[in-house]
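Peer 1: This is the structure I have questions about; it appears just below.
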Amino acid sequence: MRLPIDPQADSSRRAWVACPVCDDAHHCATCAGRGNCDEHWRYLISNNGPVVHLQCPRCTHAWSLNTRSGTSRTEAP
């Protein structure tokens, strides 16, 4: 079951990280070079300190990511 896009999603607030579900950027040369690809971005829904809340526009998966170094990166939404 696909989730709806979060009502707070705004395409002007983006993050460029791999989606843990669909990994749609796997074969993208721009993403592999750590560039800001026009296709493979994620909605940056909100943040709570170093924890960012994201949603993939392609598969609609929502997840949280702790950006603080030395921590477990992916967290449950």
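All of the numbers you see were taken from the coordinates with simple rules; none came from a lab. Note that the coordinates shown come from a computational prediction; the quantities given were computed from them, not determined experimentally. For neighbour counting, all protein chains shown are included, and Cβ atoms are generated from backbone atoms with ideal geometry for every residue, glycine included.
Peer 1: State the extension gain, in nm to one decimal, for the chain segment bounded by R58 and A29, taking 0.36 nm per residue of separation less the distance between their alpha-carbons.
Peer 2: Between R58 and A29, full extension yields an extra 8.6 nm.
Peer 1: For the chain, what size does the Cα cloud have along each of its three principal axes, sorted from largest down, in whole Å?
Peer 2: Result for the chain: principal-axis Cα extents of 32, 31, 24 Å.
Peer 1: If you don't mind, there's one more thing I want to ask. Count charges around W16 for me, please; just the other residues with Cβ under 13 Å from its Cβ, Lys/Arg as +1, Asp/Glu as -1. Let's see the in-between values first.
Peer 2: Numbers: positive: R13, R14, R34, R42; negative: D24, D38, E39.
Net charge around W16: +1.
Peer 1: Mean residue ellipticity at 222 nm from the helices of the chain, using -39,500 (n - 2.57) per DSSP H segment of n ≥ 4 over the full residue count, to the nearest 500 deg cm²/dmol?
Peer 2: Details: 1 runs with 4 residues, N = 77.
Estimated from H runs of four or more residues: -500 deg cm²/dmol.
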